[in-house]
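To start, the structure under review is shown below, and the notes come after it.
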Protein chains: 2
Amino acid sequence: MSQTANLDTDDRTEASLTNWIDRFDGLKSLPEDTRTRLARGSRVRRFPEGAVLFEPGQEADRLLLLLSGTVRVQQSSDQGREVFLYRVNAGESCVLTTACMLAFEDYATTGIAETPVLAAEIPRGTFDALVAESRVFREFVFRAYARRITDLFTLIDDIVFQRLDVRLAGRLVELADADGVVHATHQVLGTELGTAREVISRLLSDFQKRGLVKQARGAVCLLDREALERLARGGER
Amino acid sequence: MSQTANLDTDDRTEASLTNWIDRFDGLKSLPEDTRTRLARGSRVRRFPEGAVLFEPGQEADRLLLLLSGTVRVQQSSDQGREVFLYRVNAGESCVLTTACMLAFEDYATTGIAETPVLAAEIPRGTFDALVAESRVFREFVFRAYARRITDLFTLIDDIVFQRLDVRLAGRLVELADADGVVHATHQVLGTELGTAREVISRLLSDFQKRGLVKQARGAVCLLDREALERLARGGER
DNA sequence: TGGGGTTTGGTGACAAGATCACCGTGGACC
DNA sequence: GGTCCACGGTGATCTTGTCACCAAACCCCA
């Protein structure tokens, strides 16, 4: 059922990772003692691609800070439908889900490693102590919240007001690798944008007709990145 | 422009309000000294209906806890479009906006008093001190976050997957007063649900044909509350 | 009391998007 | 080679969004 069991076990041998703290802007200015405390009170873990980092029904006993890789956070509803909510990148944290877990059981967001992930895991005790003790850490946490929340606000705004072709164009640019290739099925893109596969199919074949992309099975190749970006930006109404 | 200037001035004469703290479940178990500190470090303010409690560009120097009345929080976009995000009721707080203000300037949510409002205002200094000192207060704050965030999650889910008639039915039941009357124009209902006035008009006249509601200017009267509730609940797909 | 403007709501036409049903194709695996 | 399945294409139909325009109700003020 859950893939949580697949997680690699605690990996303390990664000595080079004791100073992962500096990878987080907001934590750089932590005073020395607090920093030690944070490093000691947490541990670095490795998750394979596809691992479920958190899911409904799980206890919220820790905060994850991503050192590398990306995590997709999505809302799964009763009937198996899914909406993509946001993506957590290296240098960011999973505060929202932690908060939700903390308070209720009836939330329904899942966090999935899209790539192999390295993350610092701060147990609840350490988290609580640091929030109490350190102004810097507090600010870090609240800023993380704020960032996610504004993301959600703009997501809602987009869903309600933005045209789908505009949103798709933007997402393609975002997801493209260095070669301008997006490795995703129509289904996945549909879930990301909260729409149906068919709609993505039609939009993409339209893009293709206009020479913006070329399609392949399980991948989309951006031909005219500039035009897509223009479409994505110019989509204001 | 802003109505913030309309706010009543500081109202310390309301002696009966020094123990407003007990109106908040999460704060009841505050130890005596912390409680005193919270009461002293904050003040109770009164806002007239229509007052803007917070808006883009304002500094996040305080947290509001609602003692009575309701506040509508909405996202206003570039082109004057608005989406209703959530409603803050008595016994709840405006944590999200505070967080957003705390971290960025480029958010765009506005809080408007829908009724006359009485609120405890906790200045940033007090807030920070209490978060540091009191485990109970900390938990209160994080739970407030969690509550709002899950609300946003379900809002997104609804917007993406739920049919409008179902959402409208639910909202009508929610907004109806004791007599089963909703005092709102089609425009307002449209904004609440993130849709256009015309759509609301059509849905309502459909509801009327089906004998579920009766319409009047600026108001909707629920005729068959049960049926509406059934529609709202049964809307799962 | 009677304009005149504003707010509210109604409606038709059309575009965008969602949903359903069904099919073809290309890969993976045996 | 055959079978199964994930992936994608397409038409029909329904829901929702957008635009344009109108009519009635209400408000304000002369």
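The values are calculated or read from the model by the stated rules, or taken from the named source; none is laboratory data. The shown structure was predicted, so the numbers you read here are calculated from the model rather than taken from an experiment. Cβ placement follows ideal geometry from the backbone for every residue including glycine, while neighbour counts extend to all protein chains displayed.
One table, with the values for the structure above:
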| read-out | value |
| --- | --- |
| Residues of segment A:189-237 classified as away from DNA strand D (no atom under 12 Å from the Cβ) and at positive phi, total | 2 |
| Enumeration of residues in segment A:161-188 that are more than 12 Å from DNA strand D (Cβ to nearest atom) and within 14 Å of chain B (Cβ to nearest Cβ) | A:Arg167 |
| Residues located in segment B:145-174, provided they are part of a helix (DSSP H, G or I), more than 18 Å from the chain's Cα centre (by Cα) and in contact (Cβ under 8 Å) with a residue 60 or more places away in the chain | B:Phe161, B:Asp165, B:Val166, B:Ala169 |
| Test: residue in segment B:195-209 that is assigned to a helix (DSSP H, G or I), touching a residue at least 12 places away in the same chain (Cβ under 8 Å), within 14 Å of chain A (Cβ to nearest Cβ) and crowded, with 18+ Cβ neighbours inside 10 Å | no |
| So B:Thr115, is it under 18 Å from the mean Cα position of the chain (by Cα), in the same structural domain as B:Leu53 (by TED's automatic domain parsing) and closer than 27 Å to A:Ser77 by Cα | no |
| Conditions (1) near DNA strand D (Cβ under 10 Å from one of its atoms); (2) charged (D, E, K, R); (3) within 14 Å of chain A (Cβ to nearest Cβ); number of the one not met by B:Asp158 | (1) |
| Within segment B:25-48, considering residues that are part of a helix (DSSP H, G or I) and in contact (Cβ under 8 Å) with a residue 40 or more places away in the chain, the one surrounded by the most Cβ atoms within 10 Å (Cβ to Cβ) | B:Leu38 |
